1. Kindly provide the pair-distance distribution of region 207-275 built from C-alpha pairs, with 5 Å bins from 0 and whole-percent values in order of increasing distance.
2. Can you run phi through the Karplus equation (6.51, -1.76, 1.60; θ = phi - 60°) for region 193-198 and list ³J(HN,Hα) in whole Hz, with x for Gly and Pro?
3. What Kirkwood hydrodynamic radius do you get for region 280-524 when you take the inverse of the mean 1/r over all pairs of distinct Cα atoms, in Å?
4. Cut-off under 30 Å on the C-alpha distance; same-chain residues fewer than 8 positions from Lys690 excluded. Which lysines are left, in chain and number order?
5. Determine the relative contact order of region 71-177: mean sequence separation of Cα pairs under 8 Å and six or more apart, normalised by residue count, in whole percent.
6. Among Phe251, Thr356, Val334, which residue has its Cα positioned farthest towards the positive end of the charge dipole of region 243-361, with +1 placed on the Cβ of Lys and Arg, -1 on the Cβ of Asp and Glu, and the dipole taken about the Cα centre?
7. List every residue whose amide H lies under 5 Å from the amide H of Arg429, counting only residues 5 or more places away in sequence or on a different chain, with H placed 1.01 Å from N in the peptide plane.
8. Taking all protein chains in place and a 1.4 Å probe, what share, in percent, of the accessible surface of region 111-174 do carbon and sulfur account for?
Amino acid sequence: MRSIVRTTRATVTRRTSLVGVTSTIRSRSGQHQYLPAQPSLYRPLTTVHSSQFVSNSLPDHASQLLEQSVPRKPHFKKILIANRGEIACRIIRTARKLGISTVAVFSEADRGCMHVEMADEAYCIGPAPSSESYLKMDKILEVANKTGAEAIHPGYGFLSESTIFAQRVKDAGLVFIGPPAEAIRSMGSKRESKEIMTAAGVPCVPGYHGSDQSLSALVSGAESTGYPLLIKPTHGGGGKGMRIVRDPSNFEEELLSAQREASKSFSNDEVLLERWLERPRHVEVQVFADGQGGCVALWERDCSVQRRHQKIIEEAPAPGLSDELKKDFAQKAVAAAKAVNYVGAGTVEFIMDAETGEYFFMEMNTRLQVEHPVTEMVTGVDLVEWQLAVAAGNPLPLTQDQIPCMGHAFEARIYAERPESNFLPDAGRLLHTRPPIDTPHRLETGFHEGDEISSYYDPMISKLIVHGKDRPEALSMLRAALGEYQVVGPSTNIEFLKSVAGHQAFGAGPVETSFVPTYHDELFPARTVSKEILIQAGLFLALRARTAQETLSTGPWASLAHRRFGDTSTLKFKLDDRTIEVTPMLEGYQVRVDGEEGIETVRNTRLLSETEITTQLLYTRLSSTIVPVPTHGSGSEKLHIFNSSHHYTITHLPSPHEDEASSSSSSGAGAGTDHLTSPMPATVIEVRVKVGDEVKEGQVVCVLESMKMEINVRAGRDGVIGEVRIEKGRVVEEGEVLVSLEESSKPVPVKE
């Protein structure tokens, strides 16, 4: 235990009414506007102040029923949250609403993060690696004991599905805000859970679920299951350790990789094998049970849009299901929960064959899910409030027939990652963030602008949630909100999410988990930078230069510093491989792109702030946010340009007109040499080659790990290893050279 931080509670402006929620929206001028409450069949959504990240206030529907005359046990006075990021912030908000004091824990890397600021008390429990902080049970229990916390909420991930932790919390005389340890144990093992589900009459996916984990048993199980098949860790979730194998010759290598990743992520390398459905849908049911035997289903969610077996867009309710099928899903999910005497919030996941409608039990997540907000939006239930009430010993506040399903909701997960590079996770400082302003939404995050997205943890930045009266309206709101959302720093998946939300197949309704690979080319269209964007960028640079000159100059001639007497004072800017010429006029500017004959005359353009520019081109008014980010060591900068539809990244290269030194060029690698570099900050966990080794194209030369994900670095061609610059355990930066590959004909020096 390193330190304690005490913070004050932030104030959130919100007005509510019995018939709806009054939305608070900040206009572009910065003034707050209040929209009238909208009495309707679906619950309107609160749009939050753009500088705050708070979940919307939930409707009074469930709260009124909570206040019925049935005697209720009091809430906890103080709870500890054994987690970080957006889920810790989410729990703190509901606790605050209920008058419950909160204790946060944090690693040294998270010292300045939002959940630390929001909690009433916060304690450092170790270094950045989760194995030395957020997974340290002794330290967490020590903080709980010291602070007088009565209960511990595990959030999701980390220790949330640890049977040992749940039992230790109970043994310490505290309440674990989650299911009993026995239920976690039964459902945490995908092998054991499938045996229980089969006995309970819940259909399961065919495959090998045996306890014999020897290589020979697994190879035999793969042969009996048939290809293609899915290798899946029996513990944990989030897509970690999952591998699809189509070719039997790749089975052993994929198995070993899956086991290593599972061991690192869940401290257990046990796997199972399942038949892989080619057109599967992922449909899951939110269940909730109390300690008095009550259990309900809060309708279903569709989570079929995935990459790397991890969800990125979720929606509720699932589209295209008949009422009979919805009822059957709910009944099977409740049966699954009752089979293990479940208590608290849980999610029963099913895989559904899109062709036949046949569905199978996959697993039960014994915790609150990342995507729980979409269920909250359509039911009007605060699931965290239910967790706290049930953990305190109270019955469920609603019966099954009292749970509504109002409208439609979407959630989009905003990740720091590179979709164009097979969704490799990214890391870095959030240099600029601006959530949607005009579109009603709910935003869940654990980061402020300026915070670091660390390679030690999951790269999710935030969750963007919208709610409408039906699916078309909600989808329209999702597209609009994504169009407004701005993030600069690490690469993000926002542009990719726009492509998904705007795709015709997704708009039509149900999609399968193969949606991303099926429509890959359409989801990654070749985007060209329009002439209008280039003009906007050139004017931004010209106005920025003028502002800088005026700041440095004084006197009556300062405003004319960008105009020289006797010449036209044309400014030239090199943007990627394009040249933009901007010539100041007495009224406005003339702009030429790539020396073309046509010249655009712009009479009305101005900087509204350091990053906001507005321009009038004939009958078109352009408004853009342009965020310049210097590129270290090259003298260039990246211009991040946001307009109403896309985020463009353009490199502004120093030209002779701006910097004479830019004429020198940097030298590249010598002919015949390939440098294999790290695609991101990572740790080397295996080096498979040495100097002089001959390698074939596609051969793995080393294995990296970042954010608990293994990355195989492969040779791009046949050759000989000329240099190895890494060793196991070394931390490497993005772009760092790992291995050099030379032509086979080159002599390789032999070390004495």
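The values are calculated or read from the model by the stated rules, or taken from the named source; none is laboratory data. All values derive from a computational prediction rather than experimental measurement. Positions of Cβ are generated from backbone atoms using ideal geometry, with glycine treated the same way; all protein chains shown enter the neighbour counts. All accessible areas refer to the heavy atoms of the entire protein, side chains included, with ligands and DNA or RNA removed. Shrake-Rupley method; radii C 1.70, N 1.55, O 1.52, S 1.80 Å.
1. With a bin width of 5 Å, the distribution comes to 4, 21, 33, 27, 13, 2.
2. Computed from phi, the couplings for region 193-198 are 5, 5, 5, 5, 5, 4 Hz.
3. Details: mean 1/r = 0.0536 Å⁻¹.
Evaluated on region 280-524, it is 18.7 Å.
4. Lys240, Lys264, Lys708, Lys728, Lys746, Lys751
5. Worked out over region 71-177, it gives 28 percent.
6. The residue sitting most towards the positive pole is Val334.
7. Answer set, sorted by chain and number: Ile453.
8. Carbon with sulfur: 49 percent of the solvent-accessible area.
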